[in-house]
Every structure is written in structure tokens, then in C-alpha cells.
Amino acid sequence: MDWFPLALFPTGGLASSVVTTVWIGVTVVAFMNLRYGTTLSGLVVPGYIVPLLLVKPGSAVVIVVESIITYLLTRAVADRLLVRFGLGEFFGRDRFFMLILMSVLVRVTFDAFLLVELDEFLLQRGVDYEFRSSLHSFGLIIIALSANQFWNSGLKRGVSTLMIHLAVTYAIVSFILIPLTNFNISTLGYMYEDVASNILASPKAYIILITAAFLASRLNLRYGWDFNGILIPSLLALQWYNPLKIATTFVEAFVILACAIGLLKLPMIRNQNIEGARQLLLFFNISFVYKLILGYVIVIWFPAQKITDMYGFGYLLATLLAIKMYQKNIAIKMTRTTVQTSLIAAIVASVIGFSLTLYNPVNDASAMQLSDLKEIQVSNESLASVVENSRQANFASYSMQRGVTISPLTLNQFNQTVSTIDTLGPSPSDRQLDQVAGLANEFGYEAIWVESRYIVLRDATPERGWGFYIFDLQQTSQLALQFPTVMDENITALAMLPLFNRLEAKYLAVASARSERAQDGSDQVLLNSQTLFQTFHQTLSPNNTLQVREYSPRLARLLLGEREATAITAKDTRMWVKDRPPMDLSLATLEELTGGYDIIWNTPDFQNRQRDVARFGFAELFLTRPAMLSILTQSAVNKPIDTVANEQQIAGYLLSFLQENKRLLAAKNTEKYVVPTQAELLYFDQTVLTPLFMTIERYGAPNWLAEAQPLINQVAQSAAQLGYQIILYKHISSGAEYFILREKVNADSNRLRHWGTYVFKLGTSEPYVIEAPSPIFESGSFEFAGSLFQQMDASALLVSGAHPQANADGSARVVARSNPLSLFNLMHQSTLRHHADEGITAVQVRGYSATDEYADGGVKLSYYELHKPFATQQEQFLELRDYLENLLISAGVGGAAGQVELAAANYTAQARFTKFIPSAQYAEIWLPRGLRESFRLVESESVLYQQFSALGIETQRHDVAQFLAEQQLAALPAETLMMVKQMLNRFEQSQNIQVLATLRERFPALALELWQDNESLQSYLVLRNAERKVVAVKNLTPLSASTLEVSAQQAHVETFREFVRSRMQWLQLEVSE
């Protein structure tokens, strides 16, 4: 119906808050208690876990499992250990305090050890990443509350009750709340998520919680102070860093109390039995309505105010306070005792926490490998090169499956280092620079002096993922530029230096670990306060900071609950500002760079540690990809793109290039193939392939080359880090353009990795990726693949750079499933991902020999269509098979269709990945040796060419089809032609130069010429008569022994192109009688 969904909840408040689901959960628990007598315990548990079931099901499972283990361990201690030592049983507040202690122990054990091992186990078995990334628990006290529910009713009944509560709450949220109202699960923000989800990264919160719970328990026992549970002062103690939250909590409690007293005096309610679950539900309903009204009031009259800041802390805390005030009639006394207890607990816990930071029994765990460097490194490279080197090194952090916890000692050392740098003038002395290097070395960092103005701090052990930091000592501005998620949003790195330079920032901070790397959340610099990134922010310009992120579809939904990826344009770039913009940020320059953006005078709903400590002047810029390209275009110094323009088609150019640069291909038993690391492949994927595909997508737009040039230059710079270059190849006649990624051939350096050569068609193309994984071992397969790529107008051509047996350990065999780490495999994966919506087909060209058990000399076609039945009826399969059959028929190999046979499938590394792309297919073409030899090049330095040269026959390079069309043709007498053909065929078989000498003696009127086709590089012997007319043409590497006879009327360029394409043995004019 048109009026659904109902806009019941204010945006930014209950529309995306767990409070709403907790309200439903409390209602379900109260109803079940009143109707069926279930336990009135664990009130917030169903409403807290159900959203997790929707967005992080793994976390929900972990919470339930940890709750059960907490209960069993605590029960074992109570029933076994205490009885053995003759102590009394736990009950009341002591039992609950023990549950809290045990829940913390269980969470630490699971999150730090067991779940990490489980994640690695599931990773090896290919379990989905999204599920694995959710394998950690949430909530400060949710596990203790669940375990307490089991205690009250027993494990069996408690678990079944919890499952019923969860099922009913889940049904209401999924089938009523979300579809019929504006409640938005995609923007669900867990309150205080940084503390609730990350036990290892927030130890102070648990120290305060346990200290306050213990103190509340003792004060209750000694003075009889009643808090309605020891958790109330414990939770409030966490909020003393933000006293406003404590004030809003008690304001909410007093509002609930006043409203409840008023309602309970109404005649229709006054005589009702409002106790137990009914009373709880009444008070919590008042709390929910209060939050609802408060949200709308803030939206209408105070739109700049964040709604959730005005809510009381927690979900039921204010309600429980109000209930106890009402029951005991001790509103003022309870307020005083609760505030007093929480304040004392916060002070005591802070002293304990500070004391623990002074304890450092062993060397810092993070200092895995300290450099011996004690003086500043002076770099002769540009800042851009140093930053690119640092970015590449940062990808080493992927090799670690967990974060490296940073000790307080390391944080203090880093603080001292950046503070020292900040005191330096624009021209520091060598002694001052060496002092900075020495300070940095103490925690495993190196200091680099760049362009006589910049100091770069970067990790000597980049696997730790602690980031790198840049200081511009000549800059008078105090603006700090931050990139907190550059490893998750790699595309933002394109705007890093352009913004740093054009906005005249003094500081640049770049995080270098994926936020999801560590299960404990220690790598999430936006949530974890114990990071170098946070220390850098707090020490330098916390109120003069611009933080940059990518405005992705996921963030769009998180920020505004809006839209799909296709709806995001450059105009969607937004900047959220806390109180006022950074003082040294030029808004006009930023607008010029980005092409325009919207300013939102508010803060986003998700947690951000840097924003929390800034009182003002903190801006968060969310850039769209078009805006990033605009920044590049406005800022980059455009260098000319390496371009090759040629009359050769792309296949011919590649054949020529690789023939002339054979050192790009690692031969057998040379041990020259360099196995890439995971970090190198990730760097190549994120910094080369991702922006390269962005450029390819924009091909054909007005001013494409001018607009793409800065991005291509950036791609070229990143590729150069691994010895690669990017070439724009233009075919002059057709106008077709290609990107070629190939290794640099530097005469001064022999350091080649032999990772392969890769070609991408620009503009319209057919959805095929042609692959040649064994261009040396399976001779002729590369030449066939190049021809196939060109003639099918395929999207990409991938050519391996090494013989499969180049290395003795087999690491150069790129098709082996045991070798997934290869650039060839990465190219296969990235290309299929990029074309996933087009039904892309990967086609590998392979070769078999006569010794293979199934070899019978025919062409084999293996086809994988891994997700659909009837693979052989798929359009791509039929098209590929028809092409091969037509090629064989036109060349005279067989006389009818059906020459291509199906062969058994090979489960290669590439086929293994293809099954993860639902719309992608994988095929293999297996060619017999004889067929492949006809595609193999006759190399210019071969014995054959030397023999021709000895006879004075030099090689001529032509577009053979076009050149033939320009020649005059003549026919030889049949008997003469037969003898000439017999002699030349004998020469082809024997390679005996004496046969050619005899031919010239017997037929002195005939002249021999050697032509090489510019396109296919096929070699031809051309016979001319005394009148210089062409009488016959012989292919030296024919596909078959067939002859193409043409009449005078057929002697045009298209006929000759068919002769070249089909690789027939002879071309002649119709023989005269």
C-alpha cells in the first residue's frame, strides 16, 4: 500500500538504533513471562542479538556459545571449586560479579586465540569472508546477562527460552518492523561499538566495568545502597569521560519517573496490578516514547545536534533507575549514591589502568625487527616516489592474519618523536635530523629526509601495519590530512599527494592495515584509541584536520541509507563538519579540485575516535571516484603516455616484440622466474589493475585521453615499482587501441621477474579472455592465442612469461593449483571480475604432444560452465567451437564440420577461480603439435633464414595480402608448376639448401623472394617469372597441404587475406593448359 513504509522514527535516531529492536525484545520477554511464566531475565539480550543475526550472524552465534561456556565455567567454580574448599555458594550480586569476570575471561580467550584459529581453519576451506569476519562477540555485558538467564532457569530450559525469544523477536523485526516502517537495518549503528565489539583494544573499559561492579557490590553490602543491580554504576562509570551522557541518563530517568507516576494515578490504571513485567514494560515504553519525541524535537529545532548524544546511556539503564526510584521512593538518594559510586570507581579504575601501563616486563611485542639505523636517511627520490615505495611496502601487512598490539611504551615513544619533529624549523640541522631518526628507531621506524623539506616516518617492519606519516617542515599551515582506510579503499590513495600539495597541508597520516585484519579490531584506527594513527592525531592539530575516505555505495547506505552504486555521481561528494571547518582548509581550493561538494554541518552516525577527541575543526570528506579523478586532473603534472602507433595489428606487434626481446621469457631450467609475494600481487591489483580498469571503462568519453592521462600516469608509476610499464598501442589503419602491460626491457639491468605480458582491448570487444600459459613449452600456442585474440576481437590477451619448468620447484607453472600466487592468475581473476556482468569466457590455448594418452592429432575443446547445466549449449561455447571448425575447414584440415572434439576438463588454478564468478565460463583449446608448428614463427636468426641469406635472398617485410593485391600475377604451365612445387616441398621437409640451388639452376627464369607478413609474421617463399610477375606463393609453416587457386577476377586483397588467415600451403593462379 502507498502509505507503507510508515515514517515512524526520526532519521539519525530510532530509525537506525538498537534501542528499537531492544524495545521489541523487552516486549517479547515480558509477554512470555506473563503468559507462559518464562524467566524475566536477560531483557536486552533478544533485541541486541537479533540485529546481529541480520548483519553479522557469526557474531550472534559466538555470543550464544560464549554465554553457554561462561555459564558452565561459573557453575563449575560454584559447584565444584567452592564446595571443595568449604566455601559458601554464589548468589545475588556475588554470583553476577563472578559471571562478569568469567565472561571477560571467555571473551579474551575466544577473541584472542580460539576464534583466530577458527578463522584460519575456515579460510583454508574456502568459507565466505563475510561470515569469517563476523566471528567475534559484541557487547560489554551481553554475555554475562545471557549466562545469568541460564542460571535462573537451568541451561536446557534457559537456552530453549532464549531461542524462543530470539525467534519471535526476529520474526517481528524482519517481517513487520523493517518492511512496514522506516527502520533501516543497513544503517544500523551499534551504540558505543568500539567498546562493545573490541575487548582487546579497549581494556580500560573492562577495568572500569569490573572495578565499578566490585565497588558497587561492596557498598551495597556495607551501606545497603541499592542501585537496582551492580551494573548500573558500572556502566555509568564508563561515561565520566563524557559527563553530558551521565546528565542525559538521569534526565531521562526523571522524565520516566514523572510520567510513570502521573500515569499510575489515572483512574483507569490506578487499581490495576502494575508489578513485575507489567511495571517494567510500562516504564520502558515511556522511555521509548520519550526518545521518539526527543528525536523529532531535535530534528525540527536543533538539526545540527546528533540525536543519539541526547539519549541516556544504554538501553534499559535509565528505565531501571526510574523503577528503583519509584519502588523505594528514593529518587534523590539513589541519584547521589549512583553518581558517587560511579565517580569513585572511575577514579580507582583509572589509577589501576595507569599503573598497568607502567608495567612492561618484556620488550614490546611489536618490535619484531629493529633497524640498526641511527641517522637520517637522505633520499634522492621525489616525495611521490618515496610515498609509492611506502605504499607498496604497506601491502606486506596482508601477510599477517592478526594485528600487532601496540604497547603504551611504543605510543609514548611515537608521541615523543612526532612532538620533536613538530618543533623543527624549515631548515633543521643534521644533528636534529639524526635525533629524530634515533627516536624513530626505538620503536622500529625509519626517518627519511626528502627534497630537503619533508620528513617521512615509515615502519621498518611494514607487516605490522602501523602506517606512515609525513611532515612538511616548510609549510606554515597547521592542517593535518588523514587517510584512515586507505587499505580498504585503495582508490583514495590517488588523491593523497595531490590533496596534500594543493591544500598546503603540514601533516599527512596514512593507515596501512585493513580494518578487518585483526579479529579483535585492533587495526581499526577509527575505533581503536591505542594506535599510532590516533596518537598522531591527538598530538598534532586535532582541531585542524581533514579526513578523507571514499564515498562508496556501502558508506552511502551507512551515512544516509541511500542508493546503489550506479546512482553515485561526482556531485555526491560530501564533507561532514564538526562545529566548524578546519581553520587552514581552503574550501574554495577543495571545491575547485573536486568539482563541487556538499557540506553537512553535522557528524556521521558511525564511531570515529579522531572525531571524538576533536572539539571543532574536524572535517570528514567522502570522495566519489569521479571527484578523485577530478583531483588528479586538476593537480597532476601530465607526462606523455608511452604510445606506439603502427600499421601492424596488435597480434603481429606482440609477436615481433617478444621475438626481439626473448629475455622477457624465462627458458627451461634457468631458475629465472621470480615467484611474486602476496603483498606484491595485492599491490599490483589495487594500484595498477583497479585504476586501469577504471580508465578502460571511461574509454570513448569526450576528451578521454586528456582526462585519463593523470590516472594512467599514476598507474604507470605504480607499475614501475614492480618493473612494469604501460603502453598505449594504436593500430593506424583500423584505429583500434590497446593497453599493454609488459616488463621493462632495460639493457642496463637484467632484473626481470618473467611475470608475463598482458593486453587489454579499449572500446567495444567480445567477452573473451584469451590466455597462453605456456608460450615456450607448448610452441605455437602463443601465436595461435594472439591470432585468436585479434580475430575474435576479444577483451584481453594474457601471456605467461616463463617456461613451466623454468624453476626446478615447479613454481613457474602458472596453471598449477599449487601455484595460485602468480601475476598470470591475478590477471585472470581481475579481468573476470571486471567483466563479470558480461558473461565473460576465459579461453586457454594449450598444446599436447603425440605421447599424450588421449592424443589422436585432432583439436580438443574443454569447456567449463560451472554453474549451469548443458554447458555445450551455451552461446559462448557454440561460438568458440564454430570459430575453430571454420578455421580448420578453411585451411583444408578436414572437409566438414565436427573437426573439434570435446576433451576431459583440467582443473587448473584459473578454472578453480572461475567458479566463483557466476556468469563466467572457462574453456581450453588443445592443439596437436603439428597444428601448433604451423603457427610457430620462423625466427629471423634461424638456420633457414641463414640459408636464404647465403643464397642472396634477403627477407622482405610486407602486409602480404595488401602487397600481393598490388602485384601482377601470372600462371605457370602445369608441368613446370608441379615440378617447382615438388622441389620446394622437398626443401621444406629436408631443409637442404642444395634443393634451392638446384631449383635456381633448372629454372633460371624464376626468381625466389622471402616475405614475412607484418601482421602474422608468417614466412612465405614467393616465385616471380622473368617479367617480375608473381606465379606462386608458398607458406613455410602451413596449417595444411591445401592450395588456393584464384582466377584473375578473384585476385583482390580480400582473397589474399583469407589465404594468410587460413594458413594454406600454396597460392597460385589457375593453371594454364
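No value in this document is a laboratory result; all are computed from the given coordinates. Note that the structure is predicted; figures quoted are calculated from it, not measured. Neighbour counts run over all protein chains shown; Cβ positions are idealised from the backbone, glycine included.
On average, how much area does the Cα convex hull of the chain cover when viewed from any direction, in nm²? Walk me through the numbers on the way to the answer.
Details: hull surface 216.1 nm².
Over all viewing directions, the chain projects a mean Cα-hull area of 54.0 nm².
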For ASN602, distant residues with modelled amide H under 5 Å away: VAL577
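Just to verify a number: FRET efficiency for ASP434 and ALA112, C-beta to C-beta distance, R0 = 60 Å, to 0.05? Before the final figure, lay out the partial values.
Working: r = 39 Å, r/R0 = 0.65.
It comes to 0.95.
With 10 angstrom as the radius, rank VAL456, VAL759 by how many other C-beta atoms surround their C-beta, starting from the fewest. The partial results should precede the final answer.
On the way: VAL456 22, VAL759 25.
Least to most surrounded, the residues fall as VAL456, VAL759.
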Sum of side-chain charges, ILE143 neighbourhood, beta-carbon under 10 Å (Lys, Arg +1; Asp, Glu -1): 0
Nonlocal amide H pairs with TYR445, under 5 Å, H built at 1.01 Å: ALA460
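Tell me, what is a quarter of the convex hull surface for the C-alpha atoms of the range 943-1069, in nm² with one decimal? Each step should come with its number before you reach the end.
Values: hull surface 28.2 nm².
It is 7.0 nm².
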Alpha-carbon centroids, the range 445-514 and the range 579-639: separation in whole Å: 16 Å
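Going by C-beta contacts inside 10 Å, put GLU966, GLU442 in order with the fewest on the left. Walk me through the numbers before you get to the answer.
Values: GLU966 9, GLU442 16.
Fewest to most other Cβ atoms nearby, the residues stand as GLU966, GLU442.
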Cα gyration tensor category, rounded, prolate or oblate, for the range 728-816 with a/c compared to 1.5: oblate
Under Karplus coefficients 6.51, -1.76 and 1.60, residue-wise ³J(HN,Hα) of the range 595-609 in Hz, glycine/proline x: x, x, 7, 9, 9, 10, 7, 6, 10, x, 6, 7, 6, 8, 4
The range 643-933: antiparallel DSSP beta bridges as a percent of all, rounded to 5: 45 percent
Sequence-distant lysines (8 or more away, or on other chains) whose Cα lies within less than 17 Å of LYS578: LYS306
Dipole axis of the chain (+1 Lys, Arg; -1 Asp, Glu on Cβ), positive-most option in GLN524, ALA144, TRP466: ALA144
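Placing +1 at every Lys and Arg Cβ and -1 at every Asp and Glu Cβ, with all other atoms neutral, what dipole size does the range 202-359 have around its Cα centre, in debye to the nearest 20?
Details: 13 positive and 4 negative charges, 51 e Å.
My answer is approximately 240 debye.
If you restrict to DSSP beta bridges whose two residues both lie in the range 943-1069, what percentage is antiparallel, to the nearest 5?
Just about 60 percent of them are antiparallel.
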ALA794 long-range amide H proximity, modeled H, under 5 Å: GLU766
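In deg cm²/dmol and to the nearest 500, what is the mean residue ellipticity at 222 nm of the chain if only DSSP H runs of at least 4 residues count, each as -39500 (n - 2.57), divided by the residue total? Before the final figure, lay out the partial values.
Numbers: 39 runs with 466 residues, N = 1073.
Mean residue ellipticity at 222 nm (helix-derived): -13500 deg cm²/dmol.
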Gain upon complete extension [LEU8, ALA247; 0.36 nm per residue less C-alpha separation]: 83.4 nm
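With +1 assigned to the C-beta of every Lys and Arg and -1 to the C-beta of every Asp and Glu, and no other charges, what is the dipole magnitude of the chain about the Cα centre in debye, to the nearest 20?
On the way: 84 positive and 96 negative charges, 917 e Å.
Rounded to the nearest 20 debye, it is 4400 debye.
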Share antiparallel - DSSP beta bridges, the chain, percent rounded to 5: 50 percent
Across LYS639/LYS672; LYS744/LYS1034; LYS662/LYS860; LYS668/LYS730, pairs whose alpha-carbon gap is larger than 31 Å: LYS639/LYS672; LYS744/LYS1034; LYS668/LYS730
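What order do you get for 913-923, 484-494 when each peptide is scored by the mean count of other beta carbon atoms within 10 Å, highest first?
484-494, 913-923
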Ordering of 535-548, 577-590 by burial proxy (mean other Cβ atoms within 10 Å per residue, highest first): 535-548, 577-590
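How big is Rg to Rh over the range 377-635, alpha-carbon atoms, Rh as the Kirkwood inverse-mean-distance radius?
Values: Rg = 17.5 Å, Rh = 18.5 Å.
With Rh from the inverse mean 1/r over Cα pairs, Rg/Rh is 0.95.
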Linear extension gain, SER427 paired with SER733, 0.36 nm per residue minus alpha-carbon span: 104.4 nm
